[in-house]
Amino acid sequence: MIDKNIIRIINEEASNFDFLGNEDYLKGREVIDLLQNEDFQKQFICDSLLERKNKIKTNVFESKLGGDWEDDSQDARTLTLDYFLKVEYKYDQEKEPIKFELSFYSDSIAISKTDNYDSGRVGGTTDSDVAPSGEAWFNGFNWTDINVDLNTTEGDDIKFVAFEKAPIRIKMLFIRQFVEEYINNYTSMGIDTPETKDNIQNVPYC
C-alpha cells in the first residue's frame, strides 16, 4: 500500500514547482497586459506632464545628439537624437513599480537657429575695447519629428495607443518633458518657440 504521507508530500512539492518558469511567465504577461492598457498609458502621460516625480523614476541608458546645430545660424537646419530611458512607474501606491523602457529618436528634427552675437571691437585704448558677447538659441523646433517608442525591459514592442491618440499639443508637451533639458544642456542653447510657452494647464486632457 502506498504511504498517504508520501503522496501528500509529492502533491505539495508538485504544487510548489514552477513548471518551466511558469510563474515568471505569468508575471511577465501581467506586465505586458498592463503596459498595453490604454488607460494605464494615459495615466503615465498625465503623471509625466504633471511632474509627479514621486511616481516616476528614470535612468538614461543611451543618449546621442547630432546634426548641424553648431553651424552658423543661417545654415543650421537639422538635429538627430537618440535618447533611451529605463522607467520605474509607481502607478499604484499599493503595488510594486512597473518597469519599462521609453525611447525618443529621430534622424531629422527640423530646426532653425538665431543669435544676438556682437563681435565686439578694439578701441584706441584697453578701456575702450568691447569684448565679444551674445548667445544663440533655437527659434524653430519641430517636436513632432521625434518618434516615441514604448518597450518592455525585455525589448518587446508595446503599441503606445494613448500617445498616438493624444492631441498634438499633448504629444509635444510629453516629448518636451523628457528631452528638452537634455537638448538644452548638450547644446548650451535654449529653445524659444511659441509652443514652449504652452503647459498642461492649457490643454484639457488630464
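Dipole magnitude for segment 25-202: computed about the Cα centre from +1 point charges on Lys and Arg Cβ and -1 point charges on Asp and Glu Cβ, it is near 740 debye. The GluC sites (Glu not before Pro) of segment 79-115 that DSSP puts in a loop, and whose beta carbon has at most 11 other beta carbons within 10 Å, are GLU94. Given R0 = 35 Å, the distance between the Cβ atoms of THR152 and SER112 translates into a calculated FRET efficiency of 0.40. Listed by Cβ neighbour count within 10 Å, with the fewest neighbours leading, ARG52, ARG169, ARG176 appear as ARG52, ARG169, ARG176.
Charge tally for ASP149 (other residues, Cβ to Cβ under 12 Å; Lys, Arg +1; Asp, Glu -1): -4. For the pair GLU38 and THR144, what calculated FRET efficiency results from E = 1/(1 + (r/R0)^6), where r is the Cβ-Cβ distance and R0 = 25 Å, to the nearest 0.05? That pair, THR144 with GLU38, gives E of 0.75. Other residues lying with their Cβ under 10 Å from the Cβ of PHE160 contribute a combined charge of -2, Lys and Arg counting +1, Asp and Glu -1. Summing Lys, Arg as +1 and Asp, Glu as -1, what charge do residues with Cβ under 14 Å from the Cβ of GLU38 carry, GLU38 excluded? Residues close to GLU38 contribute a combined charge of 0.
FRET efficiency for the GLU180 to GLU30 pair, using the beta carbon distance and R₀ = 25 Å, is estimated at 0.15.
Since every read-out is calculated from the coordinates, none of them should be taken as a lab result. Keep in mind it's a predicted model, so treat the numbers as computed, not measured. Positions of Cβ are backbone-derived with ideal geometry, glycine not excepted, and every protein chain shown enters the neighbour counts.
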